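Input: a single structure, listed below in structure tokens.
The values are calculated or read from the model by the stated rules, or taken from the named source; none is laboratory data. None of the values given here were measured: they were computed from a predicted structure. For neighbour counting, all protein chains shown are included, and Cβ atoms are generated from backbone atoms with ideal geometry for every residue, glycine included.
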Amino acid sequence: MSPVLRLFLVISGCILQSFLFGQSTIYQLQEQARRYEQKKDTSNAIAHQKKVLARAQNAGLPEHEARALVQIARLLPAEEADSSLEHLANALRIARRIGHQQLAADIFRAIADIHKSQRNYREAIFALEEHHKLLDTLFARRKQEEVRVYQTNQRLARERTLVWTILITAVLLSLISLLYSRKLNRLNKELRALNYVKDRIFSIVSHDLRGPANNIAEALALVESGELSEADQKEMLHLLHRQSVPFRDTIDNLLAWALTQLKGAGARPTVVHPAAIVQQSWNAMIAQTSAKQLSLVNRIPPGTRLFADKDQLEVITRNLLNNAMKFSFENGLVETGASVEGNRVTISFRDSGAGMSEEKLQQFNSRGYVDSSYGTRQEKGIGIGLALVKEFVRTNGGTIRVHSEQGRGTVFLLTFPVPEQA
């Protein structure tokens, strides 16, 4: 062994030994701090966490450094809340620098607890919302990884099945091979569709509904505690109302979407008047539209008629208006119109809001739905509203086109049959 290589190995061993020793010391100090905390000896617990902080800084261990800051902030008395928040802010900067989203989510939760103890409920709710956003992101990443692994396993399983099927059926009759292959492909397609529905429903129930439900439950607990002033209660109830409306719409869309996927939703077309349905849907959204000072210009002539399922057309209209509202800017304008050509009527929904990216347009045109995203005021959706629109338009014998440009708005064009007697 050359002297240079021997020297390199010695130096590497020393560095590794120093790193492991530093971590071991930090774990020992953390355990001692926990014991002091269990004994209600807060001062010694804080002192040991500060030693952890110093060791982590010297050893270049940013995650341990951030977690020590969180523990110190948590242990400080209530009268030192400002100091606690400063420690948490430093910890949050570290978590963001190293890209540790779970740690950042824990820090926002700790920030919310401190604001809550100080009765600063506005900041507490803001921190909780950031906490849930990070959890949403982590959940989505885990779900994507699970789907990727599942799809890979399914692909490998299908490939193995196909190979064995070809080998076996090659010995038998080619006709049996053809029939079996077609049947197998059909069953696999149905199984993939059912698995997607199951996973999507589970994702929505356990994730998209859980976050808003938790926020509503925590806010109601604050109101019920009697600690809020009358003004704070009024503000809290206003926040509850803002969250309950999209929560209700999410449940409505989820039930309608699940029905179409699991059972199929046949249309019962009748003669309907789209102008009235548009106006009724907009009036039902007055709370959301007022918050942004949005206006509707309904240019559909009152006498316009089309042939479609009335309930499904209401779902289509509500989701397209809600989409326009979600991505419109303050004082925005939403326009609807209609034109008749031959035995078809085209209904348009236009906004001048944020618009859709090329990627979102491709998702909608190819898959029929788009990944959920936040609106211009951070409104949250679950990405099935447009899927319902496309499904119900197809079910009613219609077609749908979308034109959009980022920063300049979106227009949806829906074409339906005209009643024969019109």
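Of the residues GLU123, GLU130, GLU145, only one is over 30 Å from LEU76 (Cα atoms) and acidic (Asp, Glu); which? Just a single option satisfies the conditions, and that option is GLU145. You will find that of ASP199, ASP136, ASP208, the residue that is under 30 Å from ALA104 (Cβ atoms), in contact with an Asp or Glu (Cβ under 9 Å, 6 or more places away or on another chain) and at pLDDT 70 or above is ASP136 and no other. GLU358 - would you say it is over 21 Å from ARG394 (Cβ atoms) and among the acidic types (Asp, Glu)? It is true that GLU358 is over 21 Å from ARG394 (Cβ atoms) and among the acidic types (Asp, Glu). Residues that are out of contact with any Asp or Glu (no Cβ under 9 Å at 6 or more places or on another chain), among the small types (Gly, Ala, Ser) and modelled with pLDDT of 65 or more do occur in the stretch 172-183, at least one of them. With respect to the conditions (1) modelled with pLDDT of 85 or more; (2) farther than 24 Å from GLN279 by Cα; (3) not hydrophobic (A, V, I, L, M, F, W, C), THR395 lacks only one, and its number is (2). Checking the stated criteria, HIS87 turns out to be touching a Leu at 6+ places or on another chain (Cβ under 7 Å), surrounded by 19 or more Cβ atoms within 10 Å (Cβ to Cβ) and closer than 23 Å to SER43 by Cα. Name every residue in the stretch 308-336 that is part of a strand (DSSP E or B) and surrounded by fewer than 23 Cβ atoms within 10 Å (Cβ to Cβ), in order of residue number. Across the stretch 308-336, the qualifying residues are LEU333, GLU335.
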